[in-house]
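Working notes for the structure below.
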Amino acid sequence: MSEPVRVERLHQSLLWPLRLLRSGAAQRLRRPWEALQALPGHPWREQADEYTGQADAFHERHYQEFLTFLPYVQRVLFGEGRRPGQAADSLGESGMKTFRRTDVAAVRVQTHAEAAPITLQVVHIDLVFFYDIDCALLNVELTGTGLALPQVQELLYRLGRAYPAGWDDQGHPLHSLWDCAWLDAEGRELARSDARERERFIQHVQQRRAPRVAAHWAYLLQPLVPDMDDDSAAPLRYRQIEYYRMPVMAFLAVDDPTRLSRADFVRLGLVTGAAAPGSQDLPYGEAHLADFEQRYCWDRFWCAQGAAPHTRYLCCGHALVVVGRADAAFFGCRDRGVLAQFRHQHFLLFLLVHFQKAALLLYSDRLVEALRRLNIADPDNVRAFKREIRSAFEGFLRFTHRYWFHEVSEQAQARALYGLLHQHLQVQALYGEVKTRIGDMAQYLETDSIRRQANTVVRLTVVTIFGLVGTITTGFLGMNLLSESEAPMAHRLAVFGLTLLVTCAITVVTIVKSKRLSDFLDALSDERLSSLDKLKSLAAVWRR
């Protein structure tokens, strides 16, 4: 049996989109990260990017990262440009803000009960916010060296799970890690997975109709708490908006990429986990995988030539994996090579597409929640519903004009990967669906408003018509039917009050009966109706 392919260097980056829910004063903030900054004693610190930080921290890889994107995307990712010496303007800041925690240095994982523990180093743990959108993305980047390919396949498959999908007959978590623990710089355990405590997860779903986030992931997000936890009144909470399996990026520098079989590439590209020892069977049927290379592989550099020979990109939307030769200097270069592109340009592509999908799902959730809370018998509830729909419509317009892009780059590689991500995640179709739903709701509100205005105009018209009769009758040629100009003041006031009371009563009755009076006026103007039918229409005004 041949030795398994060695992965000399692994970079694995997890991205978990979450919906933010805010309470109290935090609800009025258009910058959701300000709600985090207001919480005391948390480990998150705002990350000054290389464009606003010290000049010596800005390197060539950041320059190339900036030039990859088109100008309108640059303004979202990096903010507006300003002249040297010009003060920073909050209106020109980047559309996204990153917070980082540095207390977690490593993670110790065990894929199966009988597998040896693996320790991966933490490159960074970030929480990425977006202006005016109640969405945050947790980004965890890990690195390891000297791993066997089956170990890497299992890590990609099992590590990014917010909670176990189930348990086998021995109580082992399905599709998840057997054990996982976050470690500090001295190797002390900070938090550990509780995925094997089956009853706690089952009871949580039974009692709260929401899955329970595993302890080690909940620890990373503190002081944010799950929406359905006991501390549900916390000012900043989060809720799952996508599948519990986190999108993943992976960079694999292997000893010889040509030794990987088609089954190996399928398992990496579709993130299906490792095969049984010694097996080269495909994870799915041959007919299902007949077009795997055309659909999921970008093979522009899958050749023996170039600075990074035999480099292959695999993309299924949920995952973006790049495989190449570890002995190729350009492939592993952190400043100009494929690794630099993977950690900067390609990460931002991955982030943008998954943010777009998460934001669209967020707006869809808002519509569903607004309709679920609607009670047409309660006027205050109806007004709140209208405000929520209008707010969602305004927010969707801002999202469209600020964050929605059909093209992000003119560079062939970036364009191809962005297109693959959009294609597999079906973001374009989701955008069209959400746009239609929000447009339908906005059109309903507009139609309802026009209908109410039309009803008001009808009532005013009826009142005007019937009031016109009395006005002309009493005001004909300036005639006063009763001459009370010489009467005592008290008598004149009494006549005025009585006239006012009768006029108000007639006006109120006319408004109450305005719909039926409008029907009577329509019947009166219809020449096809007989006089008897018109009298019946008049009688219907007073019928209950």
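The values are calculated or read from the model by the stated rules, or taken from the named source; none is laboratory data. Keep in mind the model is a prediction, meaning the values are calculated, not measured. Because the Cβ atoms are built from the backbone with ideal geometry, glycine has one as well, and the counts that use them run over all protein chains shown.
Restricting to region 493-513, name every residue that is free of Cβ contacts under 8 Å to residues at least 12 places away in the same chain and over 22 Å from V541 (Cα atoms).
Listed by number, the residues that qualify are L493, A494, F496, G497, L498, T499, L500, L501.
I'm trying to understand the selection: among the residues of region 258-272, which are within 30 Å of L137 (Cβ to Cβ) and not aliphatic (A, V, I, L, M)? Walk me through how you get there before you give the answer.
Filtering region 258-272 for residues within 30 Å of L137 (Cβ to Cβ) gives 264-272.
Of everything in region 258-272, those that are within 30 Å of L137 (Cβ to Cβ) and not aliphatic (A, V, I, L, M) turn out to be D264, F265, R267, G269, T272.
Out of the residues in region 77-108 meeting the condition of being among the hydroxyl-bearing types (S, T, Y) and at pLDDT 80 or above, tell me which one is nearest to W182 (Cα to Cα).
Here is the first cut: in region 77-108, the residues among the hydroxyl-bearing types (S, T, Y) are 90, 94, 98, 102.
Now drop any that are not at pLDDT 80 or above, which leaves 98, 102.
Values: T98: 21, T102: 12 Å.
Here the residue is T102.
Can you report the number of residues in region 394-407 which are surrounded by 18 or more Cβ atoms within 10 Å (Cβ to Cβ) and more than 18 Å from A429 (Cα to Cα)? Steps first, answer last, please.
So the first thing to find is which residues in region 394-407 are surrounded by 18 or more Cβ atoms within 10 Å (Cβ to Cβ), and the list is 395-396, 399, 403.
Subsequent filtering for residues that are more than 18 Å from A429 (Cα to Cα) retains 395.
Of the residues in that region, 1 qualify.
Pairs under 7 Å by beta carbon, first residue without any contact (Cβ under 8 Å) to a residue 12 or more places away in the chain in region 373-396, partner assigned to a helix (DSSP H, G or I) and polar (S, T, N, Q), six or more apart or different chains?
Correct list of pairs: L374/N381; N375/N381.
Going residue by residue through region 284-296, is there one that turns out to be outside any loop (DSSP other than H, G, I, E, B) and surrounded by 20 or more Cβ atoms within 10 Å (Cβ to Cβ)?
Restricting attention to region 284-296, the residues satisfying the condition of being outside any loop (DSSP other than H, G, I, E, B) are 292-296.
Narrowing further to those that are surrounded by 20 or more Cβ atoms within 10 Å (Cβ to Cβ): 296.
Yes, that holds for at least one residue.
All but one of (1) over 20 Å from F355 (Cα atoms); (2) out of contact with any Phe, Trp or Tyr (no Cβ under 9 Å at 6 or more places or on another chain); (3) buried (at least 20 other Cβ atoms within 10 Å of the Cβ) hold for V213; state the number of the condition that does not hold.
(2)
Go through region 250-283 and count every residue that is without any contact (Cβ under 8 Å) to a residue 40 or more places away in the chain, under 18 Å from L320 (Cα atoms) and among the aliphatic types (A, V, I, L, M). Even if it seems obvious, please write down each step before you answer.
Our first condition is that a residue be without any contact (Cβ under 8 Å) to a residue 40 or more places away in the chain; within region 250-283, this holds for 261-263, 266, 276, 279-283.
Now narrow it down to the ones that are under 18 Å from L320 (Cα atoms): 262-263, 266.
Now restrict to residues that are among the aliphatic types (A, V, I, L, M): 263, 266.
Final tally of qualifying residues: 2.
Say we look at region 111-142 and pick out the residues that are among the hydroxyl-bearing types (S, T, Y) and crowded, with 16+ Cβ neighbours inside 10 Å; which of these is modelled with the lowest pLDDT? Before you say what the answer is, go through the steps one by one.
Taking region 111-142 and keeping what is among the hydroxyl-bearing types (S, T, Y), we get 111, 119, 131.
The next check asks that each one be crowded, with 16+ Cβ neighbours inside 10 Å; those that pass are 111, 131.
Working: T111: 93, Y131: 88.
Once the filter is applied, the top-ranked residue is Y131.
Here is a check on your reading of the model: is A276 at pLDDT 90 or above and not aromatic (F, W, Y)?
Working: at pLDDT 90 or above: no; not aromatic (F, W, Y): yes.
Answer is no for this residue.
Could you check, for region 257-268, whether at least one of its residues is crowded, with 20+ Cβ neighbours inside 10 Å, part of a loop (DSSP other than H, G, I, E, B), out of contact with any strand residue (DSSP E or B) (no Cβ under 8 Å at 6 or more places or on another chain) and at negative phi?
Scanning region 257-268, I find no residue that is crowded, with 20+ Cβ neighbours inside 10 Å, part of a loop (DSSP other than H, G, I, E, B), out of contact with any strand residue (DSSP E or B) (no Cβ under 8 Å at 6 or more places or on another chain) and at negative phi, so the answer is no.
Examine region 316-337 for a residue that is part of a helix (DSSP H, G or I), in contact (Cβ under 8 Å) with a residue 40 or more places away in the chain and not hydroxyl-bearing (S, T, Y), and state whether such a residue exists.
Quick first cut of region 316-337, residues part of a helix (DSSP H, G or I) only: none.
No, because not a single residue in region 316-337 is part of a helix (DSSP H, G or I), in contact (Cβ under 8 Å) with a residue 40 or more places away in the chain and not hydroxyl-bearing (S, T, Y).
So which residues in region 230-256 are at pLDDT below 90, touching a strand residue (DSSP E or B) at 6+ places or on another chain (Cβ under 8 Å) and surrounded by fewer than 17 Cβ atoms within 10 Å (Cβ to Cβ)?
D231, S232
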